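Worksheet for the structure shown next.
The values are calculated or read from the model by the stated rules, or taken from the named source; none is laboratory data. Model, not experiment: these values are computed from the prediction. Reconstructed Cβ throughout: ideal geometry from the backbone, glycine too, with neighbour counts over all protein chains shown.
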Protein chains: 2
Amino acid sequence: MQELKIDLGARSYPIYIGDGLLSRSDLFGRHIGSGALAIVTNTTVAPLYLETLKQALSTRRVLDVVLPDGEQFKTLATVERVLDALATARFNRDSAVLALGGGVVGDMAGFAASCYQRGIAFVQVPTTLLAQVDSSVGGKTGVNHPAGKNLIGAFHQPVCVIADTATLGTLPERELRSGIAEVIKHGMLGDAQFFAWIESNIERLLARDREALAFAIRRSCEIKASIVGIDERESGPRALLNLGHTFGHAIEAATAYSGWLHGEAVGAGLVMASDLSQRLGWIDQSELRRVRALLQKAGLARSAPQIGAQRALEFMGMDKKVRDDRIRLVLLKPLGAAVLAADYPADVLRSVVTDHFGAA
Amino acid sequence: MQELKIDLGARSYPIYIGDGLLSRSDLFGRHIGSGALAIVTNTTVAPLYLETLKQALSTRRVLDVVLPDGEQFKTLATVERVLDALATARFNRDSAVLALGGGVVGDMAGFAASCYQRGIAFVQVPTTLLAQVDSSVGGKTGVNHPAGKNLIGAFHQPVCVIADTATLGTLPERELRSGIAEVIKHGMLGDAQFFAWIESNIERLLARDREALAFAIRRSCEIKASIVGIDERESGPRALLNLGHTFGHAIEAATAYSGWLHGEAVGAGLVMASDLSQRLGWIDQSELRRVRALLQKAGLARSAPQIGAQRALEFMGMDKKVRDDRIRLVLLKPLGAAVLAADYPADVLRSVVTDHFGAA
């Protein structure tokens, strides 16, 4: 088992990474009080891992809350179901919520924990690679609103994150690759050596080698933790974690969040951000080629939908009224270090967007 | 105008108290950014003060959100209306929410601000005495759930509190007295001299003398601020602010929150807490008489509903299963200083509860 710490003063917490941690009742016991527990999970994960986790917590009063699976259920109405369950079971401030599942489960369980009695403890037990390397770390919780993703939520840090790499054994192939996109992102934005390690170990990751996965999770969490540690509430540097996301968002929005997994859209966005960085002379051709090649090997180099540059730019936040304004983008300068930039010529951005989304 | 500061480190903020502050655009300008503003209010307050406030903010983009008036609307569904309004108007992180009204409006507007985009700025503009002396200060926000009051919410501090004493001119008589109950509570729990000042000035307060009201608001906020400053999230000393509330809660719950205003129930609860403190020998007979006399003058010495000791104790949190446990109560030791106590004989509590709620 590996252990690393997210350093946030009074809200600091550890991340445990290893094989079979779902059964480690001692780890849970270290971080949760003596009160009642609610395991929030979904219909896909429950048949796989709920019993294992309940076994580990068998000396405790445990309530299950099994939600429908899917981003379309990440709404305030679903969070209200969780809150109703906690209230009906008369949970109090000593109670805790455990989020067993991927990013959607973690976001909703964390948000419910943040507002039940103005905040009770919660534990992240991520079961997807994307959640283990990204969404379970950093305290962002919330739900979508018809007017925008993650528009309603809270910053609420977990008391610990327990990432059991054994759960990755049952992960569908596309979701594994979607998680690898965020791993690659962490290398690109924060550590060129780690990026090189991923290049050398991509086959092991795709083959779900537990040791390789554990290292990739650990290093991703360390890079994310170092940024979250200096900017918990995203007033500045935390935006660097969005490398590839503004471009990726245009893909997700244009396809109404169907057909593309989040990590797949981020993968395509990482190529676009690198392409723009290269045209600005901030990374060189060989680095751009390395990014493309790695994403290709990871099965993450899909072509963007041909929606045309204008619509893509609008989805990226450059709407008609502010057509000449430059959006702040996370770019590379060089590979291994991200910067938040607005000092690029608008026509260079437009040419990149045209090349990827079509001219129409 | 008076100004005092709530000292909470990075979340510190000022409270402004004075006559006509609703028109002071400079005060608002000092604390809110350049983004759009939403004024959340209700159908009772809007016809009285919404235009005045909008006038003061006339150079800004302002959205009104007028909610139905009443504790029965303090629900997640109503907060969702506020969130929908913010999202539809595309509010961003530079936007702010202003709560114009009493405690219910402040609790809901503050909760909406806490979870819109994971937290945007909000300003408390309390228009009732109860909100000016109590609920607008300290950052507790939230809504009720069928299973309990204020069960869902957040700690979210305002960027400032603007208490315009002119708004108290239109306050219904019972609501004025309900606010005075919380003023008396602050004297009883934190400052015997202030309690004596209230005894000498109760007629001026009831006659809505602006200067007397401003002093009572200021001193109440100071006492509350000193406690919130050491225990923002209510892990300990903040519970002292609940003097009279556990007894009062039994009245509110037994009458299903109708027929009694919150401050009226607290007023009756203050007598009971003093009665118990006296029987324990922690205050003397003359002090108990002073408390009764002051609450009587303020029209706050109603007899509790005769629901019987057993039901009252259950509503106070002593349910059947833990009948022999002692609940922690806020008591006086002496008048002017509250303590959180569990070291009282259970039969003394029972005799007090029997005398006030009946034996049945």
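Quick grid of which residues meet (1) in a helix (DSSP H, G or I); (2) away from chain A (no Cβ under 14 Å); (3) farther than 28 Å from B:Thr78 by Cβ:
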position: B:Ala166; (1), (2), (3): yes, yes, no
position: B:Ile184; (1), (2), (3): yes, yes, yes
position: B:Ile198; (1), (2), (3): yes, yes, yes
position: B:Glu203; (1), (2), (3): yes, yes, yes
position: B:Ala214; (1), (2), (3): yes, yes, yes
position: B:Glu232; (1), (2), (3): no, no, no
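Here is the figure for the stretch B:83-109: residues that are more than 11 Å from chain A (Cβ to nearest Cβ) and more than 21 Å from B:Glu252 (Cβ to Cβ) total 8. Considering B:Ala121, B:Ala46, the condition of being within 14 Å of another protein chain (Cβ to nearest Cβ) and either touching a Ser or Thr at 6+ places or on another chain (Cβ under 9 Å) or not acidic (Asp, Glu) (or both) is satisfied by B:Ala121 alone. Restricting the stretch A:107-128 to residues that are more than 23 Å from A:Ala239 (Cα to Cα) and in a strand (DSSP E or B), which is nearest to the chain's Cα centre (by Cα)? Filtering first and then ranking leaves A:Val125. Inspect the stretch B:321-335 for any residue being closer than 21 Å to B:Gly148 by Cα and assigned to a helix (DSSP H, G or I) and give the result as yes or no. Checked the stretch B:321-335: at least one residue is closer than 21 Å to B:Gly148 by Cα and assigned to a helix (DSSP H, G or I). Please tell me if A:Leu63 is touching a residue at least 40 places away in the same chain (Cβ under 8 Å), at negative phi and assigned by TED's automatic domain parsing to the domain that holds A:Val143. Answer is no for this residue.
When A:Arg118 is tested against (1) touching a residue at least 24 places away in the same chain (Cβ under 8 Å); (2) charged (D, E, K, R); (3) over 30 Å from A:Arg210 (Cβ atoms), just one condition goes unmet, and that condition is (1). Checked against the criteria, B:Ala131 does not count as in a strand (DSSP E or B), closer than 29 Å to B:Ala214 by Cα and in contact (Cβ under 8 Å) with a residue 12 or more places away in the chain.
Just to verify a result, which residue in the stretch A:146-155, among those that are in a strand (DSSP E or B) and more than 19 Å from A:Ala113 (Cα to Cα), is farthest from the other protein chains (Cβ to nearest Cβ)? Going through the qualifying residues, I end up with A:Lys149. Considering the stretch B:234-266, the residues that are farther than 24 Å from B:Pro172 by Cα and among the aliphatic types (A, V, I, L, M) include one that is surrounded by the most Cβ atoms within 10 Å (Cβ to Cβ), namely B:Leu243. Which is touching a residue at least 60 places away in the same chain (Cβ under 8 Å), touching an Asp or Glu at 6+ places or on another chain (Cβ under 9 Å) and either more than 13 Å from A:His156 (Cβ to Cβ) or buried (at least 24 other Cβ atoms within 10 Å of the Cβ) (or both), of A:Gly142, A:Gly102? Every option except A:Gly102 fails the conditions. Residues in the stretch B:172-182 that are without any contact (Cβ under 8 Å) to a residue 60 or more places away in the chain and either within 14 Å of another protein chain (Cβ to nearest Cβ) or surrounded by 20 or more Cβ atoms within 10 Å (Cβ to Cβ) (or both): 1 in all.
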